[in-house]
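Structure first, commentary second.
The values are calculated or read from the model by the stated rules, or taken from the named source; none is laboratory data. Just so it is clear, the structure is predicted and the values come from calculations on it, not from any experiment. Using ideal geometry, Cβ is built from the backbone for each residue, glycine included, and neighbour counts are taken over all protein chains shown.
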């Protein structure tokens, strides 16, 4: 556990997003960063979290810690996902308030929006329809996190903000070929197919669904940007009970386009086959990022550039990454 005076606490610093935030803050010249491994601090334990905040002079919090998983995990362990995420959020946000921490950034997920929301999905569609059943418990927890922040702002005058990222990818992702998100799973599958000289790679579904992607380093940049906004500017673009901000690229790609781009990046020469016996999922998931753009931030890294950087890291760290 690292303790320094007047510091920024990054909860979840070992995860893909949390580690990117730490790297970005270091790049901005912020070196007073407090972190704690799970072995040192159990964020679901209220007394441990309260003691941790009491023992450290924390000025800001980035709440990137969460229990996450794919469709199978969310379907198999719904109680774990809603309980753990509710406890982490409630403990950290309340302890921050008790110790007088004025600024906090909560990281949510685009799954908070209704499964049939119009595209692109604006912040205003929150709570206007039914959620996707497969990850409803996780989404409910994330919605609760937004409302926790808003409630402490309204009742106690805190400055607790929320950002909702699109599909993220990049360094320190989970690259399991079957139990991870689409980009790392596809990257791993194409890479090992290339090494084994397999004549074809199967991609789930028809290839028609469209998805938005954002490199995790850009997510970290957006988080720091939102955190640094003056309260006046932030408040002028949000509402007290609709204060969250979408974080995305504003662009989406079909799975077909992604597969061919991935083959190019990995330099896989074989055939791409689409397994239409597998489900497509939601036809389209694109965030409306006009609020974020109006606040002065927009994505700069192209998908091809981000994939190239990610693949380089993947190959370099192949022996140590999660698979």
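Filtered by the rule that a residue be more than 23 Å from residue 164 (Cβ to Cβ) and part of a helix (DSSP H, G or I), the range 270-306 gives 304, 305.
As a summary of the residue check, residue 186 satisfies the conditions (1) within 18 Å of residue 307 (Cβ to Cβ); (2) part of a helix (DSSP H, G or I); (3) modelled with pLDDT of 95 or more except for the one numbered (3). Just to be sure, is residue 26 modelled with pLDDT under 95, within 21 Å of the chain's Cα centre (by Cα) and surrounded by fewer than 17 Cβ atoms within 10 Å (Cβ to Cβ)? No: the conditions fail for residue 26.
Is there a residue being free of Cβ contacts under 8 Å to residues at least 24 places away in the same chain, crowded, with 20+ Cβ neighbours inside 10 Å and closer than 25 Å to residue 14 by Cα anywhere in the range 186-206? Yes, that holds for at least one residue.
Looking across the range 76-129, the residues that are within 20 Å of residue 151 (Cβ to Cβ) and assigned to a strand (DSSP E or B) come down to 103, 104, 105, 106, 107. Kindly indicate whether residue 171 is under 26 Å from residue 218 (Cα atoms) and crowded, with 20+ Cβ neighbours inside 10 Å. No, not satisfied. Of all residues in the range 239-271, exactly one satisfies the criterion of being within 13 Å of residue 207 (Cα to Cα), surrounded by fewer than 17 Cβ atoms within 10 Å (Cβ to Cβ) and in contact with a strand residue (DSSP E or B) (Cβ under 6 Å, 6 or more places away or on another chain), namely 254. Against the definition (over 30 Å from residue 152 (Cβ atoms), in contact with a strand residue (DSSP E or B) (Cβ under 9 Å, 6 or more places away or on another chain) and surrounded by fewer than 20 Cβ atoms within 10 Å (Cβ to Cβ)), how does residue 279 come out, yes or no? Yes. Count of the range 118-163 residues, restricted to those that are under 15 Å from residue 285 (Cβ atoms), surrounded by fewer than 21 Cβ atoms within 10 Å (Cβ to Cβ) and in contact (Cβ under 8 Å) with a residue 60 or more places away in the chain, is 6.
Hey, does the range 223-234 have a residue that's buried (at least 21 other Cβ atoms within 10 Å of the Cβ) and either more than 30 Å from residue 151 (Cβ to Cβ) or at pLDDT 95 or above (or both)? Taking every residue of the range 223-234 in turn, at least one turns out to be buried (at least 21 other Cβ atoms within 10 Å of the Cβ) and either more than 30 Å from residue 151 (Cβ to Cβ) or at pLDDT 95 or above (or both). Taken over the range 147-176, the criterion of being assigned to a loop (DSSP other than H, G, I, E, B) and either touching a strand residue (DSSP E or B) at 6+ places or on another chain (Cβ under 6 Å) or modelled with pLDDT of 95 or more (or both) is satisfied by 157, 158, 166, 170.
Just one of the numbered conditions (1) modelled with pLDDT under 95; (2) surrounded by fewer than 20 Cβ atoms within 10 Å (Cβ to Cβ) is not true of residue 45: (1).
Listed here are the residues, each with its yes/no results for (1) under 26 Å from residue 136 (Cα atoms); (2) part of a helix (DSSP H, G or I).
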residue	(1), (2)
21	no, yes
24	no, yes
41	no, no
44	yes, no
53	no, yes
65	yes, no
69	yes, no
72	yes, yes
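Please find, within the range 6-19, the residue that is surrounded by the fewest Cβ atoms within 10 Å (Cβ to Cβ) out of those that are at negative phi and outside any helix (DSSP H, G or I). Once the filter is applied, the top-ranked residue is 14.
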